[in-house]
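The structure under discussion appears below in the form of structure tokens.
The values are calculated or read from the model by the stated rules, or taken from the named source; none is laboratory data. Quick caveat, the model's predicted, so the values are computed rather than measured. Here the Cβ positions follow ideal geometry from the backbone for every residue, glycine too, while neighbour counts run over all protein chains shown.
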């Protein structure tokens with residue numbers, strides 16, 4: 001797999017914007033951003049309402065994912081191009097989620113909504129209509145999702161990459177700084193985790209750095225890429241961005257995203273926690 | 001589009017006493033600009049980023065200390081240093 005299989009630029013999107021086999025999907029942390037405007041012909045997936053089980057803390061199940069994609073008019077053989085705000089955090093999360101349920105052809109728009117806006121490209125308010133499909137999902141792929149026990153067992157043996165900001169890693173902040181800081185969990189990080197913020201893998205405009213720069217970043221921070229790696233953040237969306245870098249751009253086979261992340265780990269009774277910087 | 005409001009968003013409903021708030025607005029020739037504001041920590045590392053509101057405003061919940069705000073708008077990037085403290089909102093007006 002090469003970079004062009006998983007990442008497209010704005011010119012590619014503009015050239016395929018009317019292709020019925022290409023579905024452009026916006027996924028934002030601010031789920032109302034789509035209402036204001038979006039790339040023409042893009043549909044919305046709401047990461048809270050559409051991708052989370054309404055009762056349990058977990059994803060929608062296989063049947064739920066099939067119903068969602070069918071209703072959005074996404075077919076099994078369609079090319080899905082995801083983009084969003086926040087430097088593609090939630091678009092990366094959706095990318096990982098699509099891969100979890102086995103969708104073959106998914107791509108990210110490099111730079112996401114921010115670069116599109118900063119380049120003053122067209123955005124529209126009109127919502128496209130797509131005919132419903134009969135989407136068939138696969139069972140969740142356990143090779144790319146980590147759970148809390150995987151993380152505890154990885155301490156001191158596998159690569160743990162904490163992609164939050166340095167102040168969240170050290171325990172100074174409990175959440176990204178655009179959110180209120182009052183939280184129930186303890187601050188800090190998983191012992192032996194390396195703090196490699198997701199932002200080091202992206203340029204200011206939200207595009208990903210080159211493969212060479214990315215490889216140098218992780219190796220320079222002491223990540224042995226031959227070992228299995230678990231990435232985590234606060235709720236699993238920034239670590240999905242790093243999962244995309246390691247697994248999709250750099251082609252590392254054994255990388256999992258821990259979507260329970262710090263909101264789960266920092267609330268567990270009895271697990272070890274470390275404070276302080278790298 | 002209405003003109004830019006002075007200062008950051010309204011603090012009604014925000015627990016100012018327990019938070020360390022950095023907020024303000026981004027304007028060009030006095031008019032609000034649609035763009036993004038990044039918060040960088042004392043080491044210059046990315047900490048958060050928000051889009052500006054329709055009135056050009058932004059807000060962060062940080063920790064006490066010195067921070068850099070970086071406004072990213074079409075065609076321009078502007079940095080501002082700010083010192084934040086708990087219990088008060090540090091207001092920063094950024095003209096690009």
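Kindly establish whether residue B:84 is within 12 Å of chain A (Cβ to nearest Cβ), surrounded by 14 or more Cβ atoms within 10 Å (Cβ to Cβ) and more than 17 Å from residue A:180 (Cα to Cα). Answer is no for this residue.
Only residues that are surrounded by 24 or more Cβ atoms within 10 Å (Cβ to Cβ), more than 14 Å from every other protein chain (Cβ to nearest Cβ) and part of a helix (DSSP H, G or I) were counted across segment A:66-95, and they come to 6. Comparison of B:43, B:13, B:30 shows that the only residue that is without any contact (Cβ under 8 Å) to a residue 40 or more places away in the chain and touching a helix residue (DSSP H, G or I) at 6+ places or on another chain (Cβ under 8 Å) is B:43.
Whether a residue is in a strand (DSSP E or B) and either modelled with pLDDT of 95 or more or over 23 Å from residue A:88 (Cα atoms) (or both) was assessed, and residue A:240 does not pass this test. Residue B:41 meets all of the listed conditions (1) more than 8 Å from chain A (Cβ to nearest Cβ); (2) within 18 Å of residue A:167 (Cα to Cα) but one, namely (1). Which ones in segment A:207-223 are within 14 Å of chain B (Cβ to nearest Cβ) and either part of a strand (DSSP E or B) or modelled with pLDDT of 95 or more (or both)? Once the filter is applied, which keeps residues that are within 14 Å of chain B (Cβ to nearest Cβ) and either part of a strand (DSSP E or B) or modelled with pLDDT of 95 or more (or both), segment A:207-223 yields A:207, A:209, A:217.
Which residue, of B:73, B:96, B:50, is more than 11 Å from every other protein chain (Cβ to nearest Cβ), under 28 Å from residue A:203 (Cα atoms) and either in contact with a strand residue (DSSP E or B) (Cβ under 9 Å, 6 or more places away or on another chain) or at pLDDT 95 or above (or both)?
The unique qualifying residue is B:96.
Identification of strands (runs of 3 or more DSSP E) wholly contained in segment B:39-96 with 1 or more residues that are more than 26 Å from residue A:31 (Cα to Cα) yields B:65-73, B:76-84, B:89-95. The residue that is nearest to the other protein chains (Cβ to nearest Cβ), counting only those in segment A:167-192 that are farther than 25 Å from residue A:149 by Cβ and outside any loop (DSSP other than H, G, I, E, B), is A:167. Number of residues in segment A:1-48 that are surrounded by 11 or more Cβ atoms within 10 Å (Cβ to Cβ) and more than 24 Å from residue A:119 (Cβ to Cβ): the value is 3.
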